[in-house]
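Undergrad: One structure coming up, written as structure tokens, with questions to follow.
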There are 2 protein chains.
Amino acid sequence: MDLSSFITSLATSFVIFVFLMILFAWLSTKPGNAVIYYPNRILKGMDPWEGSSSKTRNPFAWIREAFSSSEQDVIAMSGVDSAVYFVFLGTVFGIFLISGIVLLPILLPVAFTEHNPKAVDSTGKNAFNDLDKLSMAHIKEQGSRLFASAFACYWVSFTTYFLLWKAYKHVSDMRAAALMTPEVRAEQFAILVRDIPSSADGLSRKQQIDTYFKNIYPERFYKSLVVTDNKEVSKIHDELVLCKKKLTRAETIKSMNPEGPSPTHKTGFLGLLGKKVDSIEYYNKKITELTPKLDAAQKVTLKEKQLASAVVFFTDRVTAAAAAQCIHDRMVDTWTSINAPEPRQIIWTNLPKTFYAREIRQYVVYFIVFLTICFYLIPIGLISAFTTLPNLKKLLPFLKSILDQKTIRTVLGAYLPQIALLVFLALLPKFLLFLSKAEGIPSVSHVERAASGKYFYFSVFNVFIGVTIGGTLFESFKDIQKNPDSIFDKLATSLPGNATFFLTFVALKFFVGYGLELSRLIPLIIFHLKRKYLCKTETDIKEAWTPGNLGYATKIPNDMLIFTIVICYSVIAPLIIPFGAIYFGLGWLVFRNQVLKVYVPSYESYGKMWPHMHVRIVASLFLFQLTMVGYFGVKKFLYTPIIFPLPIITLIFTFVCRKKFYRFFESSALEVMSRDLKETPNMEVVYRSFIPPCLDNEKGEDEQFVDPDAHVQVKNAFAQAAVPGGNV
Amino acid sequence: MDLSSFITSLATSFVIFVFLMILFAWLSTKPGNAVIYYPNRILKGMDPWEGSSSKTRNPFAWIREAFSSSEQDVIAMSGVDSAVYFVFLGTVFGIFLISGIVLLPILLPVAFTEHNPKAVDSTGKNAFNDLDKLSMAHIKEQGSRLFASAFACYWVSFTTYFLLWKAYKHVSDMRAAALMTPEVRAEQFAILVRDIPSSADGLSRKQQIDTYFKNIYPERFYKSLVVTDNKEVSKIHDELVLCKKKLTRAETIKSMNPEGPSPTHKTGFLGLLGKKVDSIEYYNKKITELTPKLDAAQKVTLKEKQLASAVVFFTDRVTAAAAAQCIHDRMVDTWTSINAPEPRQIIWTNLPKTFYAREIRQYVVYFIVFLTICFYLIPIGLISAFTTLPNLKKLLPFLKSILDQKTIRTVLGAYLPQIALLVFLALLPKFLLFLSKAEGIPSVSHVERAASGKYFYFSVFNVFIGVTIGGTLFESFKDIQKNPDSIFDKLATSLPGNATFFLTFVALKFFVGYGLELSRLIPLIIFHLKRKYLCKTETDIKEAWTPGNLGYATKIPNDMLIFTIVICYSVIAPLIIPFGAIYFGLGWLVFRNQVLKVYVPSYESYGKMWPHMHVRIVASLFLFQLTMVGYFGVKKFLYTPIIFPLPIITLIFTFVCRKKFYRFFESSALEVMSRDLKETPNMEVVYRSFIPPCLDNEKGEDEQFVDPDAHVQVKNAFAQAAVPGGNV
């Protein structure tokens, strides 16, 4: 890629970005769009514009607000997980900032002023374009200027160690502060017990569990909630909820036009076939039918469908935290206990999976992921080989007239491979989430962490390694066939060339990506369309704008990929560093706004994502160091051994961090959990918050099951405390 | 080795064994030897001969007694660790018994009746002697008789899985039963806390620790005992104890001959130089000097030499067990807690070592062990090369006349290499124990486990692999140089030849080893010599016969080596199986006697050795399976893949066992610890049992330190509860 197409690429991206920013500034002041640009604030019952009305508002106020917001604001609005994400963005931004400040003034002149006699390729042309002259490729083999590069490796590495260490400490404190909250949080009083063996002495599950834990914790055990097979009851419950929703809708339509005909619908497939019925009448009848059916199913489920796992409640936090860390039975694969996830993020269907079923599922999933990572290499290779302009013209001759126009050619030349890559990567996350859930993981946050890990491995292997090594080898396949030794020379010259590809990739990501993110064009359009044509009731409208999660499962691996790319090229092609810094700096700013005002997190894991981010940052650093060892070798640098200590230091750093911090992110430290609570917890409320909605009796009766096995004493008073999304 | 020298070897061993047995039967009935043959019974205050007097006693009664003793007897007399050792012996005996019953009748005829056209070596002689004809080497390459060997591999493997599974369950139950004892055991109420960070708010260690744990366990925390730097006080204490002992001795000498001159000694080096003094006077003066010095040193130590670790006591067992498994602080490398070892086996000097010091020491020690294992390969190789008769004659010509006598030649030919090996192996254990202690491990039992592991790796790598592969390659070095492909043929024929070497090695081990063990000839002689010439007081005599530990650190790796050898050759040379069975069967019998009557265990770890034994048995099985895969390959067996599943099954078996059982051997399961106690524990006694003897105030005063920092409230009443060996 030459300089002009590089500049075009940057310029186009920037124009799009500016356009989207202006669009955002304009759209966000319209009161009708408040639900799109401020949903988090609205859902929390706050004024979207804080004092100033939408008219008088400075369209760039969001920047000031983002900068002036503190970490506490983020935690208050969006939880610890979001705050941890900002620590990540801030740390990585810091790494690139500090690296850039030192590396750019040193490495760029060192490379540019070099007179490299080899700077002529086999065809006799100067092999270096203007951009490549700024890279390490331009430095002579065995040259003493390579010492500057070696120093740069140390600088980048130690900056990373230092900032990561500080960040880990900071996140650890943040997690501790969140865990020691004086508020009563239901999940801090509960543990999840799985793999309960079948009882020998004819006790019911409920009795067995209660006896077992009452024996071990005679004073602190409160109650247990046996997990039941909710498949059937959940089906009825969902149907009932749907009917009620449709009834409200039909009634709303009716009330808007009381003289008109009653709303009707067809009962068959998708409302297109079957008998035409009066909707209000039909749904009312259906609800009357389903309600007693649900009651009966609830009773049957509670009594007869008890499974081998349970949520066990304790009257204080320290005991619950300790119980989650201890082995309870001499057979370690029975009565396994972990911290209970928040009720809203429990995946009930995964709870009864047994110990070995989980292990086997895990290995099977790992194997499938491994296959996915390997087999995707082939399409990625093909894409990077075919999406060059000459290839496109050859393959799709009808495009020739378009492709021959200069501007289009420049733009396409700059973007085509990148767009192909982005589209390609968009296919995967759902599949990985599905796989992670199939492992038998009991909470949504854990599933997202697992999927995020898989996605990271996928992107690094395929995008980074695939494009870099694969692209190089593919391009110069024939030369290498003739002269296998030339592979190192090829790598030495083409590695920095790939850097330009990634440079535009990063720029595209942040200019267009963040522009779209901030302006929320797509949700905005969808919302307005829905509101106009589909939404009938208030609930419908609210559903149409409810923003959902930030989506860490794909967000973080994508950021990590950028980090990996930038750090790996940071010394080879230092020009990439500012782009990395802008990506993470701008990301910080844009997402600060989004997190404070838009996204509503659907769970809280108290920063458990951090160790994964940390270890992947370190892994990228390690990859960078290995790349550099290799690249110095390719450059025939005699003093290459002076950077051998770096990978070793990285391993030691990983080891120490893991030993010092990691276990606290798995379990809750007792000292942290021993802080005083604001009030004595109402254990009944704690307990009820874990009852899945489909088992929660919504009738007004204060019914108590007389059966001693019944584990849920349903009281209507607490029905409101239950959370949505029972059977995830 | 030919048949005659093999038979000679066996016969000699057997004669020695019979001789030692008769000696034992005769010596053990002499009342004067009771302290050598029945010390454990005597120390437990039991009658050595149980009813019948020494005269009327059947000299072979010990066999009946060994067989009739139950596991409960063993646990009562010698603890769970000894009982676990018998489970090990029993299991391995079972493996060889069941394997032998099936394999011998199948494999021996299959091999012996084979007509192998290759059974002629390069010199034209029949390459097979009579013993080798019974081995797998005699089976034709690619022959269908190899299916019998493949079946044998499966039989041996599944027998091992089955018996190991049963044994693990059994040991797990035994451990649980021992842990849930209704007796009060001090260590079950305590945890060991290390890596206590320096206190920020100016508290003393003692206050800091108390505040910390009182906060987390407000109701269950009892007290803490801060570990102090006892170097100085321990030196004074030891000196004082020695003086007292010597005083008693001088007084005894005086009292035996009241008219004679007072005993005197010289004060200089080893009592050989310096001024001659009256012993009684001298020691009395020294004791009067040292006693206040000890008092002062104790006070200084308690107050000023508090270190960053402590033993923390709880009022119930479940809390202590839970506390040992939990992380207490958000910085996981601080306030680390583990189950407290028994007071008698705490290595006090290792307690203050910090987290990373321990980690670093561990890796350094591993590296040293690795070097040891590798460098010992060289001497072992030399030994097995030089200790052949022709070599000896060449090297030591003056031995020629002796070596030319036929009987001596046969005996030496049979034994020389083995004896060299045995002597060689005797040098190592002390060094490995020292290394393991240097790792910073806090308890003696753990040090022995660690040393045992290192010794196992050493023996397997050096003795087994070294002799087998090394010996083969060394012998046929020239042939291989000429024709490198012949290496496989060489291995194929010489592997079974090595089996004969190991056969005599095993036989020597059990006949001579167990004979010496049972007859206790060496301790007996040493005891009688000491009693006659050195012992003056009762204490001296008791010290002279006190038997000590069984010595698991060397015993178990030795047994494991035999197991590895026998199982690896079990299919190649099935004749070794009965020898293995006899080794472990006879071992069970002999050690049943020794454990019940002789050895006094110096610690109890509740069977924590078992997982190590288990995993090493499985590792040996794995080695066997790999050897067989290799040997089938050497035999050019087309269906070799039919035994590929075996190593995989072994890995799965290991994985499941680890997941199911292992953690219970690391930590105490809460359900097990929640059983009721016989009585409410007297926490003061529990606490005092952990005070190192050098800090225990032996004066009659009921002194309480008024200083709030003082962590040891010394009361004489409990001085007896303290155990010997404070500063190990």
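The values are calculated or read from the model by the stated rules, or taken from the named source; none is laboratory data. Values in this document were obtained by computation on a predicted structure and should not be read as measured data. Here the Cβ positions follow ideal geometry from the backbone for every residue, glycine too, while neighbour counts run over all protein chains shown. When the accessible area is computed, the model is the full protein with side chains, heavy atoms only, and any ligands, DNA or RNA have been set aside. Shrake-Rupley method; radii C 1.70, N 1.55, O 1.52, S 1.80 Å.
Undergrad: Which distances in nm, rounded to one decimal and ordered from shortest, link the label point of B:G548 to the equivalent label points in the other identical copies, with labels set 7 Å from Cα toward Cβ?
TA: 7.2
Undergrad: Still on this structure: Show B:Y283, A:Y662 ordered by accessible area, largest first, where the area counts protein heavy atoms only and the probe is 1.4 Å.
TA: Sorted descending by solvent-accessible area, the residues read A:Y662, B:Y283.
Undergrad: Among chain A residues, which Cβ is nearest the axis of the A-onto-B rotation, and at how many Å?
TA: Value returned for chain A: A:A322, 2.
Undergrad: Would you mind listing the distances between the B:F19 label point and the same position in each other copy? Use 7 Å along Cα-to-C-beta, nm, one decimal, shortest first.
TA: Result, one decimal in nm: 10.4.
Undergrad: Hey, another quick one. Considering only Cα-Cα distances, which of the following residue pairs are longer than 22 Å: A:K133/A:K394; A:K169/B:K437; A:K246/A:K266; B:K293/B:K530; B:K454/B:K660; B:K231/B:K299?
TA: Listed pairs above 22 Å: A:K133/A:K394; A:K169/B:K437; B:K293/B:K530; B:K454/B:K660.
Undergrad: Distance from a point 7 Å along Cα→Cβ of B:A357 to each backbone N in region B:181-204: keep the residues under 12 Å and list them by number.
TA: B:195-196
Undergrad: Additional query: Over region B:534-686, average the accessible area per residue using a 1.4 Å probe and give it in Å², no decimals.
TA: 33 Å²
Undergrad: Nearest 0.05, what FRET efficiency do A:E219 and B:D295 give at R0 = 41 Å with Cβ-Cβ as r?
TA: 0.40
Undergrad: Could you give, in nm with one decimal, how far A:R658 is from each other copy of that position, shortest first, with labels 7 Å out from Cα toward Cβ?
TA: 1.3
Undergrad: Given Cβ point charges of +1 (Lys, Arg) and -1 (Asp, Glu) and nothing else, what value in debye, to the nearest 20, does the dipole of region B:530-675 about its Cα centre take?
TA: For this selection, approximately 100 debye.
Undergrad: Listed here are the pairs A:K555/A:K597; A:K244/A:K275; B:K275/B:K305; B:K532/B:K555; A:K659/B:K166; A:K555/A:K608; which of them are more than 25 Å apart at the Cα?
TA: B:K275/B:K305; B:K532/B:K555; A:K659/B:K166
Undergrad: May I ask for the distance between the Cα centers of region B:668-682 and region A:309-354, given as a whole number of Å?
TA: The distance from the Cα centre of region B:668-682 to that of region A:309-354 comes to 23 Å.
Undergrad: Tell me the accessible surface of A:T627 in square angstrom (1.4 angstrom probe, heavy atoms of protein chains only), to the nearest ten.
TA: Result for A:T627: roughly 40 Å² accessible.
Undergrad: How many square angstrom of accessible surface are buried between A and B, both sides summed, with a 1.4 Å probe and rounding to 100?
TA: Summed over both sides, the interface buries about 3600 Å².
Undergrad: Any idea how far apart A:E183 and B:K30 come out in nm if each label point goes 7 Å out from Cα toward Cβ?
TA: 8.4 nm
Undergrad: Further question: Could you sort A:M136, B:M46, A:M331 by their accessible area in this structure, using a 1.4 Å probe and putting the largest first?
TA: Putting A:M136, B:M46, A:M331 in descending order of accessible area: B:M46, A:M331, A:M136.
Undergrad: While we're looking at this one, here's another question. Sorted by accessible area (1.4 Å probe), largest first, how do A:R175, A:R64 line up?
TA: My answer, sorted largest first, is A:R64, A:R175.
Undergrad: Oh, and also: With +1 on the Cβ of every Lys and Arg and -1 on the Cβ of every Asp and Glu, and nothing else charged, how large is the dipole of region A:182-307 about its Cα centre, in debye rounded to the nearest 20?
TA: 300 debye
Undergrad: Continuing with this model, one more query. How big is the gap, in Å, between the Cα center of region B:176-211 and the Cα center of region A:536-587?
TA: 47 Å
Undergrad: Label-point separation (nm) for A:L371 and A:F461, each offset 7 Å from Cα along Cα-to-Cβ?
TA: 1.3 nm
Undergrad: Using a basic spin-label model with each label point 7 Å from the Cα along Cα→Cβ, how many nm lie between B:L626 and A:I522?
TA: For the pair B:L626/A:I522, the computed spacing is 5.2 nm.
Undergrad: Once you list every other residue whose beta carbon is under 13 Å from the beta carbon of A:A250, what net charge do they have if Lys and Arg are +1 and Asp and Glu are -1?
TA: Surrounding charge for A:A250 is +4.
Undergrad: Name the residues of region A:283-328 whose accessible area falls by at least 40 Å² when all protein chains are present instead of the chain alone, probe 1.4 Å?
TA: A:Q325, A:C326, A:I327
Undergrad: Further, regarding this structure: Take the alpha carbon gyration tensor of region B:494-563, find the square roots of its eigenvalues, order them as a ≥ b ≥ c, and report rounded if a/c is under 1.5; if not, report prolate when a/b exceeds b/c, else oblate.
TA: Prolate shape, in that a/c is at least 1.5 and a/b is the bigger ratio.
Undergrad: So which lysines pass the test for B:K140, namely a Cα distance under 29 Å, with those fewer than 8 places away in the same chain ruled out?
TA: Straight-distance partners of B:K140: B:K118, B:K125, B:K478, B:K482, B:K490, B:K635, B:K636.
Undergrad: Using a Förster radius of 30 Å, what is the FRET efficiency between B:I101 and B:D404 based on their Cβ-Cβ separation? Nearest 0.05, please.
TA: 0.10
Undergrad: Continuing with the same structure: Would you kindly find the accessible area of B:D195, with a 1.4 Å probe and non-protein molecules such as ligands, DNA and RNA excluded, rounding to the nearest 10 Å²?
TA: 20 Å²
Undergrad: Sticking with this one: Between B:I642 and B:V277, what is the FRET efficiency for a Förster distance of 60 Å, r being their Cβ-Cβ separation, to the nearest 0.05?
TA: 0.15
Undergrad: Can I ask one more? As I understand it, the dipole of region B:526-576 uses +1 on the Cβ of Lys and Arg and -1 on the Cβ of Asp and Glu, about the Cα centre. Which of B:L534, B:W545, B:I576 lies farthest toward its positive end?
TA: The one lying farthest along the dipole's positive direction is B:L534.
Undergrad: What figure in square angstrom, to the nearest 10, would you give for the accessible area of B:C535 with a 1.4 Å probe?
TA: 20 Å²
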